[in-house]
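Notes follow the structure.
The values are calculated or read from the model by the stated rules, or taken from the named source; none is laboratory data. Given the structure is predicted, the values throughout are model-derived calculations rather than measurements. Glycine also receives a Cβ, built like all others from the backbone with ideal geometry; neighbour counts cover every protein chain displayed.
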Amino acid sequence: MDLHITGGEPTEDERAAVDALLGPPESGWEGGARNIAQDGRTAAGGHSVTGERHLLLPAFHAVQDRVGSVSRGAMNYICRRLSVPPAEAWGVLTFYHLLATAPRPAAVAHVCDDIACRLHGAEQLCRDLEARLGPPLTGGSPAAAHDTHGGGARAGSSASASMGWQRSPCLGQCDAGSAALITRAGAMPERFVLAPAADASAIVEALAGATAPPASRTVGAIGTPRLLARAGKVNPASLDSYREYGGYRALARAIEIGAEGVIAEVTASKLLGRGGAAFPTGRKWDAVRRQPATPHYVVCNADESEPGTFKDRVLMEQDPFAVVEAMTICGLATGAAQGFIYIRGEYPLAEARIGSAIAEAREAGLLGADIMGSGQTFDVEIRRGGGAYICGEETALFNSIEGKRGEPRSKPPFPAEVGVFGKPTVANNVETLVNVLDIVLEGGEAWARTGTTASTGTRLFCLSGHIARPGLYEVPFGATLREMIELAGGVPGGRGVKAVLLGGAAGGFVGPEHLDLSLTFEGARAAGATLGSGVIMVYDETADLGDSLHRIAEFFRHESCGQCVPCRVGTQRQLELLPALSAPSAPSASSAPSASSAASAASVFGELSVAMKDASICGLGQTASGAIESALNLGLIERPVKGGE
Amino acid sequence: MNDAIWFRLPPAPSSVPHRPPTAEAPSVSATIDGRAVEAPAGATILDACRDAGIDVPTLCYLETLTPVNACRVCVVEVEGARVLAPACSRKLEPGMVIRTRSPRVDLSRKLVLELLASSVDLSTAPTLVPMMREYQADPGRFAKAVGSGLSSASSAAPSVSVASVLQPAKVDNDLYMRDYSKCVLCYKCVEACGTDAQHTFAIAAAGRGFDAHISTEFDVVLPESACVYCGNCIAVCPTGALMAKHEYDLRQAGEWKPEAQSVTDTTCPYCGVGCTLTVHVQDQRIVKVTSPLESEVTHGNLCVKGRFGFEYVNKTG
Ligand SMILES: Cc1cc2nc3c(=O)[nH]c(=O)nc-3n(C[C@H](O)[C@H](O)[C@H](O)COP(=O)(O)O)c2cc1C
Ligand code: SF4
Ligand code: SF4
Ligand code: SF4
Ligand code: FES
Ligand code: FES
């Protein structure tokens with residue numbers, strides 16, 4: 001490709017960071033030292049040149065980790081090395097809010113101000129931090145100046161300062177009550193999560209280098225846990241310890257019964273995907289297995305960014321080998337030799353533990369060629385997300401792996417036919433995959449005896465908000481919402497429940513009258529709710545739901561990929577309409593919304609919501625209005641009397 | 001006499017070589033608006049509609065580009081589907097029952113147009129005007145609903161405006177300018193500059209969500225970018241966000257008069273490819289050069305000389 005690159009060379013640090021990932025440049029064409037005699041007039045071309053684009057995001061991460069942001073010179077160098085046009089690289093760079101495009105302090109705290117943490121004083125924490133460190137870092141791309149959750153550049157705290165902070169959407173630590181991701185750029189970069197982030201001082205100390213002892217967190221169950229059986233007991237850094245707890249027996253069994261046997265068991269188990277769409281896993285695997293096109297790929301979706309969700313993080317942190325083993329079984333069953341696990345960038349501990357599990361498994365012959373003497377090959381590569389909720393959507397995730405903007409593709413074609421790199425791909429959620437271990441060991445039918453007929457097995461629920469013991473709970477499908485709340489100790493202070501957010505920001509609210517709702521796919525559907533990613537966020541009677549709704553609207557506006565009109569502009573309009581939707585019960589004072597104007601806002605919102613559901617490309621736009629709509633339907637925002645204008 | 005060699009006119013140019021016809025594709029039958037239709041396998045719903053003479057509005061679709069499926073103004077109802085389908089990119093499947101007009105379809109189209117018109121300057125996008133009328137789009141109602149919610153109900157004028165992409169135009173070279181106030185983010189320019197035509201990759205979508213926009217790397221001016229000024233992006237832009245500087249200057253001066261322009265097809269004088277040019281003439285002067293989308297040679301694309309190198313013709317004496 002004929003690249004046209006202007007303006008800026010990389011610094012030594014930037015070059016070193018990229019070379020550490022990609023190896024030294026082979027020639028002057030790639031930005032190495034110019035050597036006419038050696039480089040000659042040879043032209044490199046074809047796939048060898050364009051085939052490395054998938055390393056674009058890893059290269060950006062490498063530079064960001066080293067120097068704290070990606071400069072024009074650094075981007076140019078990456079473009080040369082990977083043969084990516086600079087305009088396209090810029091499009092990718094500005095898509096991810098963990099990547100910065102202008103100099104900033106080396107140490108940055110990404111402080112969660114999302115729905116669960118707001119219930120525990122996130123705004124106050126942000127105000128305190130602002131008093132200590134100055135205004136938050138804000139949006140990077142020029143048009144994003146008014147975007148308070150952007151990832152970026154224009155430093156509120158100046159680049160010369162040693163530390164800065166920015167607001168972050170949910171960090172997947174919702175049971176801690178408050179959380180901050182700390183990133184410190186340098187030759188030995190550090191990334192870790194502070195949860196709870198007790199107060200501004202704790203965050204400033206962490207930025208300055210102090211490490212806090214990890215807080216113990218609640219993990220509970222009704223009955224015998226399956227998915228969480230090893231969590232907290234097994235040593236996540238030791239393959240031997242994993243084996244002591246029964247690890248890698250499932251893979252041995254899978255090799256014994258063969259690919260078809262595995263798929264038969266998974267199908268018999270009636271396992272439904274836990275990532276949100278509840279698609280039958282057996283059918284997905286079978287479809288991929290049958291595809292004539294090769295190679296096939298396995299993608300484990302560990303982008304978990306739905307506000308309120310932290311289940312996959314716990315599995316990866318506490319039982320990483322289980323995730324790797326399950327991916328291996330999936331690879332053998334679907335005829336894939338390569339797997340990717342796409343872990344959100346806000347999960348450094350999960351990334352490290354999965355990384356060491358992969359390395360250890362490889363060493364023990366449990367990944368790589370001829371796994372356990374089966375003659376089959378399978379290996380796993382980690383991809384770190386860049387801070388983009390939309391990359392959890394499977395086709396956006398594929399694009400992100402391929403080094404493109406994380407924009408969802410239109411379906412059909414479905415991933416089983418055209419997935420990552422255009423090849424047949426099975427994409428599964430972490431929790432879905434881990435279920436497969438027991439299914440293979442026990443047989444699908446026996447496994448399916450847990451749960452209900454239509455919702456088999458157990459489910460992980462993430463309890464947060466106004467609840468005595470927030471945490472991760474595993475229960476057989478069929479428990480009621482009330483049982484879950486009781487399991488987690490009920491609402492503190494004996495207060496009543498005002499509402500429960502089920503399924504996260506993309507889910508919806510249910511009222512206290514729904515506490516007997518059976519938490520199954522069919523039960524939720526019948527009640528017009530969704531289990532989504534297993535979020536149960538409790539709001540007590542004193543809670544300010546308007547504040548949460550506003551944060552949810554802001555979340556979708558910030559996380560929309562911007563590709564399609566109904567969602568790109570619709571999420572913006574939704575955010576603007578929200579204040580006008582609530583009407584005071586008494587006739588209005590002049591500064592407050594009046595009942596009739598709220599009625600007109602509600603009718604505009606109603607139509608907008610229908611169009612967003614009907615005409616958006618992907619699930620983000622289709623669900624973005626759901627929580628607000630459910631709140632209106634429940635009368636949680638006072639629904640105005642229909643009155644016209 | 002018979003042996004004499006006389007100058008002969010060269011034979012009329014033969015048509016451009018075509019790919020040999022492929023074997024007749026099996027056809028797909030479906031129902032559109034109650035009518036039975038047949039279309040070759042691989043045809044989109046839009047192809048089938050157009051063959052059947054059924055009108056479906058489009059904005060981000062163009063015959064010469066890969067469908068990006070972004071604007072969603074072309075959505076139609078497919079029986080049994082949970083959501084609407086984009087006609088421009090969804091393939092027709094056997095037995096599909098499709099409605100191109102229904103309350104659901106019309107509502108989504110109306111909202112798409114309202115969302116665009118409330119956030120983008122559509123003053124040079126004439127194709128959108130009849131569409132807005134057809135779907136009774138009222139883009140002002142967002143500001144009205146938001147504004148009335150904040151001020152007293154009696155105040156007539158909306159006191160609050162809603163967010164838009166309005167911004168200063170980028171005029172950074174002599175050949176063409178970019179006014180992203182008018183950009184509907186249809187991605188057409190990106191495709192024309194990229195793999196669908198030019199392979200220059202000077203511009204791409206950047207940012208995300210409502211802040212997504214078309215940009216060069218680090219938002220540098222065009223002369224610093226990879227742009228070769230072929231103008232193929234201008235040719236596909238549906239809203240006039242991208243415009244030849246010449247046309248822009250005339251418009252700014254109030255001297256752009258489309259009704260007084262004549263249009264003539266000719267052949268580019270510069271090189272042996274012989275691209276078809278459509279020359280737009282106003283007051284005896286060339287004011288714009290385009291190329292027909294249907295041209296077998298150009299598919300609407302030109303190079304910098306053909307598109308912008310017409311000033312010498314205007315130099316009279
Ligand atoms: C906006 C959006 C975000 C998503 N985020 C996730 C996610 O973080 N993790 C996940 O497993 N699935 C997520 N999904 C669902 C995936 O697209 C996909 O359905 C899932 O990974 C399939 O795996 P499963 O069958 O095991 O559930 C998301 C979907 C949408 C529309
Ligand atoms: S619905 Fe939203 S997130 Fe999904 S493709 Fe459209 S703009 Fe992107
Ligand atoms: S003029 Fe040509 S090269 Fe320049 S941006 Fe437009 S399409 Fe790309
Ligand atoms: S500049 Fe024109 S062609 Fe490009 S995305 Fe915007 S409206 Fe479409
Ligand atoms: S970590 Fe704060 S809301 Fe999830
Ligand atoms: S014309 Fe089909 S989505 Fe734009």
*Within the range A:537-546, is there a residue that is surrounded by 24 or more Cβ atoms within 10 Å (Cβ to Cβ), touching a residue at least 24 places away in the same chain (Cβ under 8 Å) and among the aliphatic types (A, V, I, L, M)?*
yes
*asked:* Whether any residue in the range B:249-261 is within 12 Å of ligand 3 (Cβ to nearest atom), within 15 Å of residue B:173 (Cα to Cα) and not hydroxyl-bearing (Ser, Thr, Tyr) is what I want to check.
replied: no
*asked:* Where the second residue is surrounded by fewer than 23 Cβ atoms within 10 Å (Cβ to Cβ) and the first is more than 9 Å from chain B (Cβ to nearest Cβ) and lies in the range A:600-626, which pairs have Cβ atoms under 6 Å and are six or more apart or on separate chains?
replied: A:609/A:629; A:625/A:609
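Yes/no matrix, rows are residues, columns are (1) surrounded by fewer than 21 Cβ atoms within 10 Å (Cβ to Cβ); (2) free of Cβ contacts under 8 Å to residues at least 60 places away in the same chain; (3) hydroxyl-bearing (Ser, Thr, Tyr):
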{"site": "B:49", "(1), (2), (3)": "no, yes, no"}
{"site": "B:55", "(1), (2), (3)": "yes, yes, no"}
{"site": "B:60", "(1), (2), (3)": "no, no, no"}
{"site": "B:66", "(1), (2), (3)": "yes, no, yes"}
{"site": "B:70", "(1), (2), (3)": "no, no, no"}
{"site": "B:79", "(1), (2), (3)": "yes, yes, no"}
{"site": "B:83", "(1), (2), (3)": "yes, yes, no"}
{"site": "B:88", "(1), (2), (3)": "no, yes, no"}
{"site": "B:94", "(1), (2), (3)": "yes, no, no"}
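Okay, residues lined up against (1) within 14 Å of another protein chain (Cβ to nearest Cβ); (2) within 16 Å of ligand 6 (Cβ to nearest atom); (3) more than 28 Å from residue A:77 (Cβ to Cβ):
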| residue | (1), (2), (3) |
| --- | --- |
| B:212 | yes, yes, no |
| B:228 | yes, no, no |
| B:247 | no, no, yes |
| B:257 | no, no, yes |
| B:266 | no, no, yes |
_helices (runs of 4 or more DSSP H) contained entirely in the range A:473-590, each with at least 1 residues that are aromatic (Phe, Trp, Tyr) and more than 11 Å from chain B (Cβ to nearest Cβ)_ = A:521-526
*asked:* Can you report the number of residues in the range A:395-426 which are more than 12 Å from ligand 2 (Cβ to nearest atom) and more than 18 Å from residue A:347 (Cβ to Cβ)?
replied: 19
*Only one residue in A:207, A:181, A:228, A:194 is crowded, with 22+ Cβ neighbours inside 10 Å and farther than 30 Å from residue A:20 by Cα. Which one?*
A:228
*asked:* So, in the range A:560-575, exactly how many residues are out of contact with any strand residue (DSSP E or B) (no Cβ under 9 Å at 6 or more places or on another chain) and closer than 12 Å to residue B:211 by Cβ?
replied: 6
_Lone qualifier among A:91, A:73 - being within 16 Å of ligand 4 (Cβ to nearest atom), at pLDDT 95 or above, within 14 Å of chain B (Cβ to nearest Cβ) and not in a strand (DSSP E or B)_ = A:91
*Which one of the conditions (1) assigned to a strand (DSSP E or B); (2) more than 24 Å from the chain's Cα centre (by Cα) does residue A:192 fail to meet, given that it meets all the rest?*
(2)
*asked:* Between a residue in the range A:325-344 that is under 14 Å from residue A:368 (Cβ atoms) and free of Cβ contacts under 8 Å to residues at least 60 places away in the same chain and any residue that is among the acidic types (Asp, Glu) and crowded, with 24+ Cβ neighbours inside 10 Å, which pairs come within a Cβ distance under 7 Å, given they are 6 or more apart or on different chains?
replied: none
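Yes/no matrix, rows are residues, columns are (1) in contact with a helix residue (DSSP H, G or I) (Cβ under 8 Å, 6 or more places away or on another chain); (2) at the interface with chain A (Cβ under 9 Å from one of its Cβ atoms):
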residue: B:98; (1), (2): yes, no
residue: B:102; (1), (2): no, no
residue: B:108; (1), (2): yes, yes
residue: B:111; (1), (2): yes, yes
residue: B:122; (1), (2): yes, no
*Considering the range A:106-124 alone, what residues qualify as being surrounded by fewer than 24 Cβ atoms within 10 Å (Cβ to Cβ) and closer than 21 Å to residue A:209 by Cβ?*
A:106, A:107
*asked:* Checking the structure you have, find out if any residue of the range B:102-119 is in a loop (DSSP other than H, G, I, E, B), modelled with pLDDT of 95 or more, surrounded by 21 or more Cβ atoms within 10 Å (Cβ to Cβ) and of a type in the set (S, T, N, Q).
replied: yes
_Count - residues of the range A:400-431 that are assigned to a helix (DSSP H, G or I) and within 15 Å of the chain's Cα centre (by Cα)_ = 4
*Residue that is in contact (Cβ under 8 Å) with a residue 60 or more places away in the chain and not assigned by TED's automatic domain parsing to the domain that holds residue B:69, where the choices are B:223, B:238*: B:238
*asked:* If I filter the range A:279-298 down to residues being touching a Lys or Arg at 6+ places or on another chain (Cβ under 9 Å) and small (Gly, Ala, Ser), which single residue comes out as farthest from ligand 4 (Cβ to nearest atom)?
replied: A:282
*Go through the range B:233-315 and tell me which strands (runs of 3 or more DSSP E), entirely inside it, have 1 or more residues that are among the polar types (S, T, N, Q) and at pLDDT 95 or above.*
B:261-267, B:276-282, B:285-290
*For the range B:234-243, does any single residue satisfy the condition of being under 30 Å from residue A:387 (Cβ atoms) and within 16 Å of the chain's Cα centre (by Cα)?*
yes
*Within the range B:288-295, is even one residue exposed (fewer than 14 other Cβ atoms within 10 Å of the Cβ), hydrophobic (A, V, I, L, M, F, W, C), in contact (Cβ under 8 Å) with a residue 12 or more places away in the chain and not assigned by TED's automatic domain parsing to the domain that holds residue B:190?*
no
*Restricting the first residue to the range A:277-288 and requiring it to be within 14 Å of chain B (Cβ to nearest Cβ), which pairs with a second residue that is within 16 Å of ligand 2 (Cβ to nearest atom) and not charged (D, E, K, R) meet a Cβ separation below 9 Å and a spacing of at least six or different chains?*
A:277/A:619
*Could you tell me whether the range A:377-396 includes any residue that is in a loop (DSSP other than H, G, I, E, B), more than 10 Å from ligand 1 (Cβ to nearest atom), within 14 Å of chain B (Cβ to nearest Cβ) and at positive phi?*
yes
*If residue A:240 passes every condition in (1) under 30 Å from residue A:377 (Cβ atoms); (2) surrounded by 15 or more Cβ atoms within 10 Å (Cβ to Cβ) but one, which one does it miss?*
(2)
*In the range A:169-186, which residues are part of a loop (DSSP other than H, G, I, E, B) and within 16 Å of ligand 1 (Cβ to nearest atom)?*
A:169, A:170, A:171, A:172, A:173
